[in-house]
Each structure stands twice: as C-alpha cells, then as structure tokens.
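Take a look at the structure set out below.
The values are calculated or read from the model by the stated rules, or taken from the named source; none is laboratory data. Just so you know, these numbers come straight off a predicted model, no measurement behind them. No Cβ is skipped: glycine too gets one built from the backbone with ideal geometry, and neighbour counts run over all protein chains shown. In case anyone asks, the SASA skips ligands and DNA or RNA and just uses the protein heavy atoms, side chains included. Shrake-Rupley method; radii C 1.70, N 1.55, O 1.52, S 1.80 Å.
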Amino acid sequence: MQCQDVHKFGQKLVRRRQLKPTEGVESPEARHLNTLDLVILGVASTLGAGVYILVGEVAVFIAGPAIIISFLVAALSSLLSGLCYAEFGTRVSWTGSAHLYSYISVGELWAFVTGWNLILTYVIAVASVARTWSHTFDSLIGNHISQALEGTFSPYMPYFLAKYPDFVALAVLLLLTGLLVLGAPESTLIYKVFTGINVLVLSFIIISGFIKGDLHNWKLTEQDYALNTSESSGTSRLGPLGSGGFAPFGFDGILQGAAMCFYMFIGFDAIVTKGKEALNPQWSIPMSTMITIIICFLACFGVSAALTLMVPYYQIHPDSPLPQAFLHVGWGPARYVVAVGALCALTSSLLGDMFPMPRVMYVMAEDGLLFRGLAQIHAHTGTPVMAIISSGTLAAVMALLFEFSNLVDFLSIGTLLAYSLVALSVLALRYQADQNFSKKEKTEEEIEMEPKVEENHSEPVSEAGNSNILKSLWFPTSAIPTQKSGQIVYACAFLLALLLTILNLILAQWPSQVFSGVPMLTTMAVLLLLLITGVTVIIWRQPQDPSPLSFRVPALPVLPLVSIFMNIYLMMQLTSGAWIQFGVWNAIGFAIYFGYGIRHSLEQN
C-alpha cells in the first residue's frame, strides 16, 4: 500500500499538461505583431539598467577591460538558451513562456519550479530597473534625493539592505501597477520611440569611446596606478588594480563577470509570451529572439569597450559610469545626452517587464499551481487584477529595500535555472512521440499504457528482458519515438543534469587542482566526463520526433547540454548571499506547491 502511495505521489510530480486544440484558436485580429515589432519589444526589455549601470561595477571590481570577454561568454550562454526558447516558440505559440513549455514536456513539479523562478526573474528585473531609474533621475537634479534619504535613514538600515529606502522607485512601481490594474494598453509605439532613442544614444557612446579612447588603458601597470593615486584626492576614489593589463582579475574574474553580465541579456523571453499576438509565431519568434540577443551583445560589447578605453578601469565610477566617463575625457555636456538615453531605455525596459510579469503568475494560478484568487479577472478592465497587484507590490517592496547589485545576483540565479530547465525540456520533448493534443489520442494512449504497466509488475524480469533493455539503449527498434524510447530519454536527461551539476561544482570550487592533476579530483572529473559522454550517446541513438517544425535546435543532444553546462557553471560563480536568498525563495515556493498546488492542479482532475 505504501509503495502504491509513493507511486501515485511520484506520478503527480511528473504529470504533464495536455494542450487542447481550442487553446490555440485565435481571432485573426489578435495577431498584429511582425518580426520587427518583436525585436523592438525584446531590445526594449533587455537594453536597460545593465548597459548603463552594471557595466561600470563589473569593470571596476570584477573583470577590468576583459569585461568584453565576459559579455562574449554571457552572450554565448544566452544565445544557446535563446535557440532552445525558439524551438519551444515554434511548437507552442500560446502565452505562458517557459512555465507552459516545461509543463508540456518534463512535468508539473519542474513546470512549477520554472514558473516560480520566472516570477522571481520578472519581479527582480522590475525592481532593479526601477531603482536604477530613480538613481538616474536623481543624478539629473544633483543627487539631492539620495543625499537627503541617506542622511535620514542610513544609520537605521541593516547591513544586508540598501543604505536608504528608495521611495522614488517605490512610487514609480506603485503608479505603474495602478495603471495596469486600470487596463492601460501596451503600446508598441512607445517601445519604438524609446528604443530608437536608446539605440541612438548607445551608438553615440560607442563612437565617442573610440574617438576619445586610449588603448593604453587596456595595458595599465602599477606605475600608472601609483600616478593616478598621487593625482587623486585619495586612494578611496580608485578601484582595485588587480594584476593590471587587459585581464587584471584573471580568468576567474572573467567568468564571475560573465555571470553578472548575463543580467544584460535577460528579457528576450518576453518575446515568447507574445505568441498569441505574433502574425507568424513559428517564424517570427525564433528569428526575433536571435536578432535581439545579437543586437544586445553588440551594444553591450561596444559600450564596455568604449568605457574601458576612455577611462582606466580602476577610475570608473561604479554608480554612474558613463556620465562620469564623459567628464573624464572633457565632454561634460555629453553626460546629459547619456542621462536622457538612460531614462528612455529604463522606461521602455520597465514597461517591457511590467506587462509580462503578472501573466506568468496568472497562468500558474489558472493551472491551479498558485492560489486561484491570483487568476481573478476584473469584470470591467479584463485584467488579472490580483496577479498585477501581488507582483507589482512585491517588486515595489524589493526596489524600496535592496541595492541594485544584490538584486542582480539574485536575478541571475533564478533566470539561469529557468533557462536550464527550458534546455532540458527541449531535449526531452524532441524525443517524445508526436503530440496532437487531442483528447481522443490521450485516451487511447492511456488505455494502451495500462496493460503494459500491469505486465511489467506481474512478470519476472528475465535475463533476456535485461538484454533487450540494454539492446534498446543502443539499437532502438523503431525509427520514430515510442513510449519506451521517450522514457529512456527522460531518465538520461535528468541523469545528465545531475552529472553536469556535480562536474560544475568540482570545476567551480577546485579549478586549479583539477587542471594541475590532483589525482582524486582529476579522476572524478574524467569519470564524470566519460559518464556524460556515454549517456549523451544513448540519447543520440534514440529516434527523434519527425514532425516538421519551422525551427529546430541544431546539433541535438549536444547543444542543449552545452547550454545547461554553461548556465550551471555561471550559477556557481555567483555569491553565497545570492544562493541563500535563492534558497529561501524556492523554499517558499515548494511550501506553496506541496501545500496547495499539488492538490488543486487542473491536471489532478
């Protein structure tokens, strides 16, 4: 009896959502976004606080001029995740983002984890952008607001919170939340205008950097640092020197910088939530996703190169890097151009994150995984009022109390995990039998499965049976996916995720010992690589779904596994404080799921 209970409980965790054809039926008028509109939305959601603020902090304290390499690593990780998102966008063009995709492919528990961390991603993205918007606005009026608040509240703020509560960010988010509740429409015209201004300002920054830049700033030495120290009013104005040169903080600094720079590329998943509104989602979603990531990489690469060429990396102002850089090269009035561009970018980024933020919460509540009250629709405005109020209030409180840098680390972990689960979902779904999402086929499949399960429990496992199982791992009997081959891929995919996590932990904690040949660690790493290779070959040997798709992730199963490996490795580079916050957030989520969601899920019925 206990075994049956455990079996039933396990089935609840991996039950998958079956989409019905009616869920994809749209009125033609609902589809109005072309590929250019989706690219503008993606760029508006992505090019915001990171490129104007975070680039300074990473350059000063973490990577130095090698921040451009950090951007390259982060962009590659984002591109791999974007490819996985793109295939999902061609398979399922309904609102719900990675939560829905995980629900279809890997089951309910992982769908909840993905959705719960997407909520975290949007909430913290909104909070961090609002805090940056407040800081940028304050700098335009002479920093009077921050000076007054810091002088009043700083002595009473705990060490793990911001130096002062940001009431401007709080007010901005509460105002936007109220507008969303009232049914304010999302305007692509606003995105186009603000994104156009943002791109022009970033182009001005990049061109100015190459005009006024000095290549010597990528080859700085201790003598340069000593000279700058004597010319300044004190060493407190200078950041750390490190070892000097192009990569003053070494390979570790580049990788840690990449983990933080990943923040710059968060936002392209907002494109996927527009599946209902895209004119041709099977083509426009993957194409716009790739174009968005490439545009954002070029912009971030160019701005970081321009900044580190204009100013020695240890002299960059971490809170206001670009305006201070123009002051440093004698172009003081240009800082106002930068400030205007920053406000436009931050406003479009804020709007780009505010609109999809309650949608994920609404979809999860509609599925029964979160409290059903969050799916309540206002009778007059047609908006998910409780989801908007809940997510908006949470973001406002986080913007009020937390520093921008703390929010960035916290955000990167949640997003990297969600993207890893998307890659895992692509890997699993490609090797499953074709799903037409019809109720009739689902019933026939269930009828077909029942006697097989009973037969497996009743008949003894013979040596011939074991031989057939092992043979099917290397030589599948069917050229198209079957239930058996799909189960093999599921098991192998989750085993690979575990092996990759262990390997990343070893490489992140003891990299020098592994590569210098310490016997135990090197042996463990080699054994893990051999196991990963063997399990990957087993997946590769299984038949793939031959259903035609307008976009398919190339080089399966290798590319999704590389994406998972890079994402987990970048997660390992983030701070222990961010991991603690992440653990608390997910502990709250598991309490909600096991206390409420598992019993109220629509799939329960």
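Any idea which of (1) under 22 Å from the mean Cα position of the chain (by Cα); (2) among the hydroxyl-bearing types (Ser, Thr, Tyr); (3) modelled with pLDDT of 90 or more is the one Ser203 doesn't satisfy?
Going through (1) under 22 Å from the mean Cα position of the chain (by Cα); (2) among the hydroxyl-bearing types (Ser, Thr, Tyr); (3) modelled with pLDDT of 90 or more one by one, Ser203 breaks only (1).
So Ile145 clears everything in (1) more than 25 Å from Ile266 (Cα to Cα); (2) hydrophobic (A, V, I, L, M, F, W, C); (3) touching a residue at least 40 places away in the same chain (Cβ under 8 Å) except one condition, right? Which one?
The failed condition is (3).
Among the residues of segment 63-86, are any within 27 Å of Gly368 (Cβ to Cβ), in a helix (DSSP H, G or I) and at pLDDT below 90?
If we filter segment 63-86 for residues that are within 27 Å of Gly368 (Cβ to Cβ), which is where we start, we get 84-85.
Now narrow it down to the ones that are in a helix (DSSP H, G or I): 84-85.
When the remaining residues are screened for being at pLDDT below 90, the result is 84-85.
Scanning segment 63-86, I find at least one residue that is within 27 Å of Gly368 (Cβ to Cβ), in a helix (DSSP H, G or I) and at pLDDT below 90, so the answer is yes.
Within segment 149-162, can you find the residues that are in a helix (DSSP H, G or I) and either loosely packed, with under 14 Cβ neighbours inside 10 Å or among the aliphatic types (A, V, I, L, M) (or both)? Let's see the steps before the verdict.
Taking segment 149-162 and keeping what is in a helix (DSSP H, G or I), we get 149-156.
Matches in segment 149-162: Leu149, Gly151, Thr152, Ser154, Pro155, Tyr156.
In segment 87-112, which residue that is modelled with pLDDT of 80 or more and open to solvent by 10 Å² or more (accessible area, probe 1.4 Å) is nearest to Leu570 (Cα to Cα)?
Restricting attention to segment 87-112, the residues satisfying the condition of being modelled with pLDDT of 80 or more are 87, 103, 107-112.
So of that shortlist, the ones also open to solvent by 10 Å² or more (accessible area, probe 1.4 Å) come out as 109-110.
Values: Leu109: 24, Trp110: 20 Å.
In this case the residue turns out to be Trp110.
Among Leu470, Leu529, Leu521, Leu570, which is the only one that is over 19 Å from Ser105 (Cβ atoms), without any contact (Cβ under 8 Å) to a residue 40 or more places away in the chain and open to solvent by less than 30 Å² (accessible area, probe 1.4 Å)?
On the way: Leu470 fails: open to solvent by less than 30 Å² (accessible area, probe 1.4 Å); Leu529 fails: open to solvent by less than 30 Å² (accessible area, probe 1.4 Å); Leu570 fails: without any contact (Cβ under 8 Å) to a residue 40 or more places away in the chain.
Checking each option against the conditions leaves just Leu521.
Taking the options Val553, Val535, name whichever one is aliphatic (A, V, I, L, M), over 23 Å from the mean Cα position of the chain (by Cα) and buried (at least 18 other Cβ atoms within 10 Å of the Cβ).
Details: Val553 fails: over 23 Å from the mean Cα position of the chain (by Cα).
On inspection, the qualifying residue turns out to be Val535.
Please find, within segment 182-195, the residue that is modelled with the highest pLDDT out of those that are part of a helix (DSSP H, G or I) and open to solvent by 70 Å² or more (accessible area, probe 1.4 Å).
So in segment 182-195, the residues part of a helix (DSSP H, G or I) come out as 188-195.
From what's left, open to solvent by 70 Å² or more (accessible area, probe 1.4 Å): 189-190, 192-193.
Values: Leu189: 81, Ile190: 83, Lys192: 85, Val193: 88.
Once the filter is applied, the top-ranked residue is Val193.
Got at least one residue in segment 237-250 being more than 31 Å from the chain's Cα centre (by Cα), assigned to a helix (DSSP H, G or I) and surrounded by fewer than 20 Cβ atoms within 10 Å (Cβ to Cβ)? Lay out the reasoning, then the answer.
Here is the first cut: in segment 237-250, the residues more than 31 Å from the chain's Cα centre (by Cα) are 237-238, 241, 243-245.
Filter once more, keeping what is assigned to a helix (DSSP H, G or I): 237.
Right, trim to surrounded by fewer than 20 Cβ atoms within 10 Å (Cβ to Cβ) and you get 237.
Yes, segment 237-250 contains at least one residue that is more than 31 Å from the chain's Cα centre (by Cα), assigned to a helix (DSSP H, G or I) and surrounded by fewer than 20 Cβ atoms within 10 Å (Cβ to Cβ).
Mind telling me which of the residues Gly392, Gly382, Gly352 ends up being open to solvent by less than 10 Å² (accessible area, probe 1.4 Å) and at pLDDT below 85?
Values: Gly392 fails: at pLDDT below 85; Gly382 fails: open to solvent by less than 10 Å² (accessible area, probe 1.4 Å).
Matching residue, one of Gly392, Gly382, Gly352: Gly352.
Given the structure, is Tyr52 surrounded by 23 or more Cβ atoms within 10 Å (Cβ to Cβ) and either more than 18 Å from the chain's Cα centre (by Cα) or among the β-branched types (Val, Ile, Thr) (or both)?
On the way: surrounded by 23 or more Cβ atoms within 10 Å (Cβ to Cβ): yes; either more than 18 Å from the chain's Cα centre (by Cα) or among the β-branched types (Val, Ile, Thr) (or both): yes.
Yes.
Scanning segment 532-571 for residues that are assigned to a helix (DSSP H, G or I) and aromatic (Phe, Trp, Tyr), which turns out farthest from Ala258 (Cα to Cα)?
Step one: filter segment 532-571 for residues assigned to a helix (DSSP H, G or I), giving 532-541, 558-571.
If we keep only those that are aromatic (Phe, Trp, Tyr) as well, we get 540, 565, 569.
Numbers: Trp540: 30, Phe565: 14, Tyr569: 10 Å.
Per the stated criteria, the residue is Trp540.
Quick check: is even one residue across segment 133-150 within 30 Å of Phe251 (Cβ to Cβ) and at pLDDT below 90? Spell out how you get there, then give the answer.
Looking only at segment 133-150, we keep the residues that are within 30 Å of Phe251 (Cβ to Cβ), and these are none.
Taking every residue of segment 133-150 in turn, none turns out to be within 30 Å of Phe251 (Cβ to Cβ) and at pLDDT below 90.
Yes or no: segment 404-420 includes at least one residue that is part of a helix (DSSP H, G or I), buried (at least 24 other Cβ atoms within 10 Å of the Cβ), of a type in the set (Val, Ile, Thr) and modelled with pLDDT of 85 or more.
Looking for residues that are part of a helix (DSSP H, G or I), buried (at least 24 other Cβ atoms within 10 Å of the Cβ), of a type in the set (Val, Ile, Thr) and modelled with pLDDT of 85 or more, one finds at least one in segment 404-420, hence yes.
Of the numbered conditions (1) in contact (Cβ under 8 Å) with a residue 60 or more places away in the chain; (2) part of a loop (DSSP other than H, G, I, E, B), Ala379 satisfies every one except a single condition; which is it?
Only one criterion is unmet by Ala379, namely (1).
I'd like the residue in segment 492-518 that is farther than 23 Å from Ala258 by Cβ and within 25 Å of the chain's Cα centre (by Cα) and, out of all such residues, is surrounded by the fewest Cβ atoms within 10 Å (Cβ to Cβ).
Leu498
What are the pairs with Cβ atoms under 7 angstrom where one residue, in segment 295-306, is open to solvent by 10 Å² or more (accessible area, probe 1.4 Å) and the other, located anywhere, is of a type in the set (Phe, Trp, Tyr)? Sequence gap at least six, or different chains.
So the pair list comes out as Phe297/Phe71; Phe301/Phe71.
To keep it simple, each residue is scored yes or no on (1) surrounded by 15 or more Cβ atoms within 10 Å (Cβ to Cβ); (2) touching a Phe, Trp or Tyr at 6+ places or on another chain (Cβ under 8 Å); (3) outside any helix (DSSP H, G or I).
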site: Arg131; (1), (2), (3): yes, yes, no
site: Gln147; (1), (2), (3): no, no, no
site: Tyr164; (1), (2), (3): yes, yes, yes
site: Leu180; (1), (2), (3): yes, yes, no
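Of all residues being aliphatic (A, V, I, L, M), modelled with pLDDT of 75 or more and closer than 20 Å to Ala418 by Cβ in segment 272-291, which is most open to solvent (accessible area, probe 1.4 Å)? Just the residue, please.
Taking segment 272-291 and keeping what is aliphatic (A, V, I, L, M), we get 272, 278-279, 285, 287, 290-291.
Next cut, modelled with pLDDT of 75 or more only: 278-279, 285, 287, 290-291.
Then keep just the ones that are closer than 20 Å to Ala418 by Cβ; that gives 285, 290.
Working: Ile285: 1, Met290: 31 Å².
Only one residue fits best here, namely Met290.
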